[in-house]
Amino acid sequence: MASTIPDPHRSTRGERREEPSPGGRTGRVEAHGIDHIPEHERHGRPRQLFSVWAAANVNYLSLVIGGALILMGLTLWQALAVIVVGNLFWVLTGVLSIPGPAAGAPSEVITRAMFGIRGNRVNNAVVGWLVSVCYFALNLAAAATAAFSLVERAGITTTTGVKAVVVLVIAVLTLTIGVYGHATIMKLYFPITLALAAVFAVVAAGVLRHTDFGYAPAEPLGGSALWAALLAGVTLVASGPLSYTTSADFSRYLPRRTSPRAIIGWTALGGFLPSVVVCSLGALAATAVDMTDPQSGLRTILPGWFEPVFLLALVLGTIAINALTAYSAGLALQAVGIRVRRSLSVIADGVAAVSLTLYGLLVSDFLDTVSNVLQLTVVLLGPAVAVYATDILLRRNRYDGTALVDESPGSPFWYTAGVNTAGVLALTGGVTAAALCVNTLYTGPVARALDGLDLALPAGLAVSSSLYALLWRRNSVRPAPSR
């Protein structure tokens, strides 16, 4: 199929065709899309995954989330506990990484084992592409806000035209990394991690000097109101790691026999540590300054000379996270069945996200609506992650990469008319259970009966995982886990 072959290599008659290096070469556009990566093209070590995830999680939104927990009415120590618990979901992100080397394929292809060839196209269109583009737009808007402050410090009035140019410049930098792909990401993200760590070390020093470690709200929460805030906080923090259902995209170039424990460990640690640190800094800062406007609030406790450096770091961190998002969204667009090169699909994703961002920033408050809607993404992402993780455990991480890229009716993953009913029913059941328990933009009947407790995350995880395990074992026509 055209959507599953690699981008073509140019060669001339008589010239020896050169095999692409793993993930391409730094400074060259990655050749592979959603096709299978042969074993001879794979190399690297799992510890490289640490910097990939670390660089992507030293970002502005993590700082905002930490401050939001205090604004929700939690004490400092309650907020810090919520941050740790919510970020433990990075272990699931690590688990979803291990099929990458086993199959030599990205997550967008591996999930054909759960949903079937045709069913997975719908899954990629919604979970893979639509959610990714919305996150891209929100992160881009956050980076643009920091960049607007930099432009104003330079004495330039941020007119509508200037704002549009700033958004486009940030998007171009982001998409360039996404287009060049895997090798460029692996090369760039280690120095980015070091640079961001240095900047946030200075931020930490400034914040800790002003933190009120005995902080408690004027009217402490208690009873059901406290539990509602704690559960909402965990869900808010966990939405970050749960959004990375595509973590195998960045591990698939590792050799097949790479230790699954090492992959889980380095991925989870790379996401967990920076997320905990940056979210905690947001919570600590909120005990001393008003974090409803984090940039203005932090300006009062950070050195004046440091503000431009801090704003640049916020933009850089957002570029890092959005480059990963754009990369995976490009693969998702291919997996939907659109016949386009990976490099062009990344650009198409960027155009959609930039359009959404510009509309939200310059025309209306649309991004506010998108932001609220994304709080509900846990209703979809929780069950999707649970089905994926359960399949990995049931198959013992044995996936046949060459069979997974076969989209014909003869494929072992064609199931019934291209749909695996076990995966579809489990996902539907989990989403339904989560929707009944949610208390965000609306209050579901279960949440209403429990005085506002939002159990959408645990309910979605438990129901979808249990249903999939039950249906998978009863499915006598499921394909063999490996050839």
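Here the chain is scanned for GluC sites (Glu not before Pro) in DSSP loops (not H, G, I, E, B) that have at most 11 other Cβ atoms within 10 Å, and the longest stretch holding none of them is 19-483. Rounded to whole numbers, the Karplus 3J(HN,Hα) couplings from phi for segment 292-299 are 5, 10, x, 5, 5, x, 5, 4 Hz, using 6.51 cos²θ - 1.76 cosθ + 1.60 with θ = phi - 60°, and x at Gly and Pro.
Are there trypsin sites (Lys or Arg not before Pro) in segment 107-159 that DSSP marks as loop and that have at most 11 other Cβ atoms within 10 Å, and which are they? Each step should come with its number before you reach the end.
Values: sites: Arg112, Arg118, Arg121, Arg153; in loops: none.
Here no trypsin sites (Lys or Arg not before Pro) fit, given the DSSP loop and packing criteria.
Computed packing ranks the peptides 87-100, 408-421 as 87-100, 408-421, most packed first, by mean other Cβ atoms within 10 Å.
Between 0 and 90 degrees, the angle of helix 60-71 with respect to the longest Cα principal axis of the chain falls at about 50 degrees.
Which residues in segment 67-111 have a backbone N closer than 19 Å to a point placed 7 Å from the Cα of Asp290 along the Cα-to-Cβ line? 67-74, by backbone N distance to the label point. Under 15 Å from a label point set 7 Å out along the Cα-to-Cβ vector of Ile301, the amide N atoms of segment 44-63 belong to 63.
Can you give the extra length, in nm with one decimal, that the chain gains between Trp227 and Val85 once fully stretched, where that is 0.36 nm per residue apart less the Cα-Cα distance? Intermediate values should be presented prior to the final figure.
On the way: separation 142, 0.36 × 142 = 51.12 nm, distance 1.40 nm.
Gain on stretching Trp227 to Val85: 49.7 nm.
Roughly how many Å is it from the Cα centre of segment 207-275 to that of segment 81-96, as a whole number? Cα centroid of segment 207-275 versus Cα centroid of segment 81-96: 5 Å apart. If a spin label sat at a point 7 angstrom from the Cα of Val165 along the line to its beta carbon, the backbone N atoms of segment 134-150 nearer than 16 Å would be those of 147-150.
Using C-alpha pairs below 8 Å separated by at least 6 residues, the relative contact order for segment 149-289 is 40 percent.
Quick one: compute the contact order of the chain, relative version, from alpha carbon pairs under 8 angstrom and 6+ residues apart, as a percent.
Details: 870 pairs, mean separation 146.0, N = 483.
For the chain, the relative contact order is 30 percent.
Could you state the angle between the C-alpha long axis of helix 307-335 and the longest principal axis of the C-alpha atoms of the chain, as a value from 0 to 90 degrees rounded to the nearest 10? Approximately 30 degrees, to the nearest 10.
Students often check this: by mean Cβ neighbours within 10 Å, which of 322-329, 42-49, 457-464, 349-356 ranks highest, and how do the rest follow?
Values: 322-329: 28.0, 42-49: 18.0, 457-464: 23.9, 349-356: 20.6.
Ranking, from highest mean packing down: 322-329, 457-464, 349-356, 42-49.
The charge dipole of the chain, taken about its Cα centre with unit charges on the Cβ atoms of Lys, Arg (+1), Asp and Glu (-1) only, comes to about 1660 debye.
Just the number, please: Stokes-Einstein D of segment 74-172 in µm²/s, Kirkwood Rh from C-alpha pairs, 10 °C, 1.306 mPa s. It would help to have the intermediate numbers written out before the result.
Working: Rh = 17.4 Å.
Estimated diffusion coefficient is 91 µm²/s.
Among Thr443, Thr292, the sequence by solvent-accessible area, most first, with a 1.4 Å probe is Thr292, Thr443. Rounded to the nearest 0.05, the FRET efficiency derived from the C-beta distance between Leu71 and Arg47 at R0 = 41 Å is 0.65. Expressed as a whole percent, the accessible surface of the chain that belongs to carbon and sulfur atoms is 64, based on a 1.4 Å probe.
Calculate, for the chain, the solvent-accessible area per residue in square angstrom, rolling a 1.4 angstrom probe over the heavy atoms of the protein chains. Intermediate results must be reported in sequence, preceding the final value.
On the way: 19620 Å² over 483 residues.
Each residue of the chain exposes 41 Å² on average to a 1.4 Å probe.
Amide H contacts of Thr443: none lie under 5 Å away among residues 5 or more positions distant or on a separate chain (H built 1.01 Å from N in the peptide plane; Pro and chain starts excluded). Phi-derived couplings, Karplus 6.51 cos²θ - 1.76 cosθ + 1.60 at θ = phi - 60°, listed residue by residue for segment 420-429: 8, 5, 4, x, 5, 5, 5, 5, 4, x Hz, with x used for Gly and Pro. Taking chymotrypsin sites (Phe, Trp or Tyr not before Pro) across segment 201-232, the ones in a DSSP loop with at most 13 further Cβ atoms lying within 10 angstrom of their Cβ are Phe213.
Matching the structure-derived Rg and Dmax of the Cα atoms in Å against the labelled list (1) 25.5, 95; (2) 25.4, 88; (3) 22.3, 79 gives the label (3). Across segment 67-208, Cα pairs under 8 Å and at least six residues apart give a relative contact order of 10 percent.
The values are calculated or read from the model by the stated rules, or taken from the named source; none is laboratory data. Just so we're clear, the structure is a prediction, and the values are computed from it rather than from any experiment. With ideal geometry, Cβ positions are generated from the backbone for all residues, glycine too; neighbour counts draw on all protein chains shown. Accessible surface is based on the protein model in full, side chains and every heavy atom, while ligands, DNA and RNA are left aside. Shrake-Rupley method; radii C 1.70, N 1.55, O 1.52, S 1.80 Å.
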